[in-house]
Amino acid sequence: MSKAEVLGVDVPVVRLMRLLGPDPQGVRQSLSALGILVVTSVIAGVVLGQSHERLGELPGLLLLVPAAIALPGKIFGTLGSRLGTAIHTGTFRMSLGLNSVVGQNVWASVVLTLLMSVVLAFFASALAFITGVEHAIGVADYLVVSVFGGVLAAVMVMLVTLGMATASVRFGLDPDNVTAPMVTAAGDVLALPALVLASYLLDHDAFTAVLAAGAVVLTVVLLGLAVRSSASLLRTVLWESIPVLVLAGVLSLMAGVTVENRFEVFSERPVLLVLIPGFLAAAGALGGILSNRLSSKLHLGLIGPSVMPVRKARGDIWVIAAMALPVFVFLALVSQGAGSLIDLAGPGLSRLLGVVLLGGVLAVVVVVLVGYYGTIAAVSLGVDPDSVGIPTVTAVLDLVGALALVFAIQAVGAA
């Protein structure tokens with residue numbers, strides 16, 4: 001039983017009061033979740049650092065990595081945001097039936113995972129051709145890795161998302177403060193190993209082609225059933241989410257191009273590879289927290305879509321900026337420690353700190369701009385900000401974060 005319940009205070013009222021302005025308990029919840037995110041992302045980064053030889057054996061696969069890692073966070077972070085709004089407005093009920101809010105959102109997320117995994121595979125193959133990646137893997141290879149890796153990660157991330165929503169209701173947590181970083185953390189720690197594991201399905205050409213064709217057919221069938229379903233919320237979530245996720249996927253793939261083009265630097269200093277998932281995830285999670293809080297305020301009428309942030313919105317912006325410093329410093333320390341533990345070469349702690357802090361400052365500026373104006377733009381266009389906020393923020397930050405990281409590596413002399 002929470003303290004609010006012991007004192008006889010209505011828990012929804014407490015949540016509303018916390019939402020009105022950044023409170024110490026909310027900051028502690030967010031920092032705790034972001035700390036877990038950093039640790040789990042570094043675990044994913046260690047997998048990436050130790051997989052640099054496997055990536056070298058499959059030219060072009062690195063193009064897919066940032067987008068594939070980010071996809072579960074985009075889809076299920078958005079699911080968490082919508083469930084958070086349902087919790088705030090009192091419409092949350094744990095049920096997977098198509099007649100429930102939760103059920104329709106979950107099934108929409110499943111269809112979106114399959115669809116976007118297929119789309120990312122085709123886009124990655126096209127980008128490999130356009131950018132001239134030598135001896136790049138084929139489209140069937142991209143399909144198998146993207147779809148099977150994506151589905152494997154999505155199952156576990158969906159369980160985490162539903163678990164966080166249930167825990168928020170039971171223990172009086174604010175889902176806006178914890179869902180984005182925890183879902184992103186789960187996506188990071190699961191997506192990359194799943195991707196690497198799926199890459200071992202590529203050893204047999206005929207088998208790979210059959211798996212790829214089957215994945216495409218299954219996706220088309222499920223998408224067709226969803227579009228023709230009588231569940232209106234399911235259809236709405238799909239139509240609102242698909243354009244945003246496609247755009248987000250393209251931006252994330254461009255982040256992959258940025259990393260692929262500097263693969264020599266990263267492969268010579270694998271600690272920098274360890275850093276990539278955590279850096280992109282931390283920036284995206286900070287933006288997700290901001291987008292979640294603003295989205296809930298907009299739904300509840302606490303703020304309006306104004307060009308200049310009002311006081312309640314400015315409070316959230318300043319808290320996000322303040323939380324970024326300890327999060328990025330912790331990321332550098334954990335990345336360096338993990339690299340030293342498994343004997344991965346790196347630029348040294350001082351330069352790694354310089355890279356993270358310089359890149360982090362650049363990324364946080366974008367977090368604030370995209371988090372605020374992206375959410376406001378969604379409302380102005382009549383689109384649910386829960387459906388577009390997190391994918392927009394995290395996608396932009398995938399690309400900007402990768403560019404900021406590469407720039408910082410060069411500026412600090414860590415290359």
Using Cα-only point scatterers and the Debye equation, what is log10 of I(q)/I(0) for region 265-311 at each q in 0.33 Å⁻¹, rounded to two decimals? -1.07
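Report the local net charge at L112: Lys and Arg +1, Asp and Glu -1, summed over other residues whose C-beta lies under 13 Å from its C-beta.
Details: positive: K74, R82, R235; negative: E240.
Charge balance in the 13 Å sphere: +2.
What order do you get for 245-251, 147-153 when each peptide is scored by the mean count of other beta carbon atoms within 10 Å, highest first?
Numbers: 245-251: 21.1, 147-153: 23.3.
Peptide ranking by packing, descending: 147-153, 245-251.
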From phi via Karplus (6.51, -1.76, 1.60), per-residue ³J(HN,Hα) for region 237-250 in Hz, x at Gly/Pro: 4, 4, 5, 6, 8, 4, x, 5, 5, 5, 4, 4, x, 4
Would you work out what percent of the accessible area of region 294-415, with all protein chains in place, is carbon or sulfur (probe 1.4 Å)? 72 percent
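Please give the length that would be gained between Q50 and L325 if that part of the chain were fully extended, namely 0.36 nm times their separation in residues minus their C-alpha to C-alpha distance (nm, one decimal).
Values: separation 275, 0.36 × 275 = 99.00 nm, distance 2.78 nm.
96.2 nm is the gain from fully extending Q50 to L325.
Residues of region 218-329: accessible area per residue at 1.4 Å, in Å²? Please list the in-between numbers first.
Details: 4400 Å² over 112 residues.
That works out to 39 Å² per residue.
Can you tell me the alpha carbon radius of gyration of region 185-245 divided by the globular rule-of-thumb value 2.2 N^0.38 Å? Write out the running numbers ahead of the final one.
Working: Rg = 15.8 Å, N = 61, 2.2 N^0.38 = 10.5 Å.
Compared with the compact-globule rule of thumb, region 185-245 sits at 1.50.
The values are calculated or read from the model by the stated rules, or taken from the named source; none is laboratory data. Bear in mind the structure is a predicted one, so any value in this text is a computation, not a measurement. Don't worry about glycine lacking a Cβ; one is built from the backbone with ideal geometry, like all the others, and counts go over all protein chains shown. Each accessible area value is taken on the protein alone, full model and side chains, heavy atoms only, with ligands, DNA and RNA left out. Shrake-Rupley method; radii C 1.70, N 1.55, O 1.52, S 1.80 Å.
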